[in-house]
Amino acid sequence: MTWRWPQGLGLGVRYREAQFETWAQAAIPDIMAIEQLAYSHPWTAGNFQDSISSGYRCVRLCLQGETLGYHVAMRGPGEMHLLNLTVAPDHQRRGLGERLLGELIDHCKAEHLQTLWLEVRQSNQAAQALYAKAGFATVGQRKHYYPLDATRREDAVVMKLELQATQGEPA
C-alpha cells in the first residue's frame, strides 16, 4: 500500500508540498531543536550521530527548508525497528505523523521486510492511536523503559506491524 494523503483532514496545500529526504550530520541542529521542544527526555545529538554512523535510516519531512518532522529506524534481518518518530510541536495534529509513518511502512514493504517494531510511552495515547490506525498491534510491555522524572520510570508499550502483502500488492 502506497501512502496516500488522508481524506478529510482539511490540510492546506502547504503541507501537501512537503517532501521526504534522508538526512545526515548537517541536519542534526534542526533535528535537535525539534527534539528538545517535543520531549521531556529528548535524544541527544550523540544519539542522532550514532544513528547516522550506524547506517540507520534517517528521514525527515521538509517544506521550503524547514524540517516538519523526522524518523529514525534500524534495520535488522527481515525487519525494521522504529526508534524515533517526531513531528515539530507547531506542526502536530495535521497528519504529518501519519505521513512519516506511511513513508516508513512503504519503504519496509519495498524492501520486502516482514515486520516493523516500535516502543511507545504508555502515557502517549495519541501515538498509540496513530500506530493502531496504521495496523500495529500491541504485543508486549517493557517495564520501566522510559525516564519519567529524576526518580521514576515509565513503561513502554511494544507494538508490531506485520507487513504482509494485501491482494494484488507485493510484500
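The figures follow:
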quantity: Residue count for the stretch 153-166, restricted to those that are charged (D, E, K, R) and under 29 Å from residue 107 (Cα atoms); calculated: 3
quantity: Residue under evaluation residue 106, criteria (1) without any contact (Cβ under 8 Å) to a residue 60 or more places away in the chain; (2) within 23 Å of residue 76 (Cα to Cα); (3) in a helix (DSSP H, G or I), criterion not met; calculated: (1)
quantity: Conditions (1) among the aliphatic types (A, V, I, L, M); (2) under 21 Å from residue 107 (Cβ atoms); (3) modelled with pLDDT under 95: number failed by residue 150; calculated: (2)
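Residues checked against (1) without any contact (Cβ under 8 Å) to a residue 40 or more places away in the chain; (2) under 18 Å from residue 43 (Cα atoms); (3) not hydrophobic (A, V, I, L, M, F, W, C):
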position: 87; (1), (2), (3): no, yes, no
position: 129; (1), (2), (3): yes, no, no
position: 137; (1), (2), (3): yes, no, no
position: 144; (1), (2), (3): yes, yes, yes
position: 155; (1), (2), (3): yes, yes, yes
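The values are calculated or read from the model by the stated rules, or taken from the named source; none is laboratory data. Not measured: the values here are computed from a predicted model. All Cβ positions, even for glycine, are placed from backbone atoms using ideal geometry, and neighbour counts span all protein chains on display.
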